[in-house]
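Student: Take a look at this one; I'll ask things after.
The values are calculated or read from the model by the stated rules, or taken from the named source; none is laboratory data. Since this is a predicted model, take the numbers as computed values, not measurements. Here the Cβ is made from the backbone with ideal geometry for all residues, glycine too, and neighbour counts use every protein chain on show.
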């Protein structure tokens, strides 16, 4: 479960109590002569145990994580590291601006950024020159490209 990394917590205590009650009621039902009330109680505890796991894993634990991040000042969509694009995502986005006919200004800015990424991060001067050649062929008089010569 989600709280397995914790040594002892409220979630584990409650989960253990429901599991223990499920087993005790089932065993008691067999020992007292198959009384259906004990089996019903065991089934009810099993259902509550399952519901507790679902609620804890999908509501309580995520809300607790959110509260902890809020206390640390790390709440907000833009601060989540899971939502930040990777370098490959950025390259795909910029390449799509060049391929799908975005406005000339967007294509020029995308080419400038791609050239910087290919030249400085990817260490691929051939790819960087190819991107700039592609945009210079489309927009030979574009402002902003002359400074990259």
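Student: State which residue is nearest to residue 144 (Cα to Cα) when the search covers only the range 114-133 and only residues that are surrounded by fewer than 16 Cβ atoms within 10 Å (Cβ to Cβ) and within 29 Å of the chain's Cα centre (by Cα).
Tutor: 116
Student: Now for a separate question. With 110, 129 as the choices, which residue is in contact with a helix residue (DSSP H, G or I) (Cβ under 6 Å, 6 or more places away or on another chain), assigned to a helix (DSSP H, G or I) and under 17 Å from residue 142 (Cβ atoms)?
Tutor: One residue alone meets the criteria, 110.
Student: Does any residue in the range 52-79 that is within 16 Å of residue 12 (Cβ to Cβ) and in the same structural domain as residue 17 (by TED's automatic domain parsing) come within less than 7 Å, Cβ to Cβ, of a residue that is surrounded by 10 or more Cβ atoms within 10 Å (Cβ to Cβ) and at pLDDT 85 or above six or more places away or on a different chain, and which pairs are these?
Tutor: What qualifies is 52/14; 52/15; 52/18; 53/15.
Student: Taking helices (runs of 4 or more DSSP H) that fall entirely within the range 20-102, which contain at least 3 residues that are closer than 30 Å to residue 128 by Cα and at pLDDT 90 or above?
Tutor: Numbers: elements: 36-55, 61-72, 87-99.
Helices (runs of 4 or more DSSP H) meeting the threshold: 87-99.
Student: Does residue 105 meet the test of being more than 30 Å from residue 21 (Cα to Cα) and at pLDDT 90 or above?
Tutor: Spelling it out, it is not the case that residue 105 is more than 30 Å from residue 21 (Cα to Cα) and at pLDDT 90 or above.
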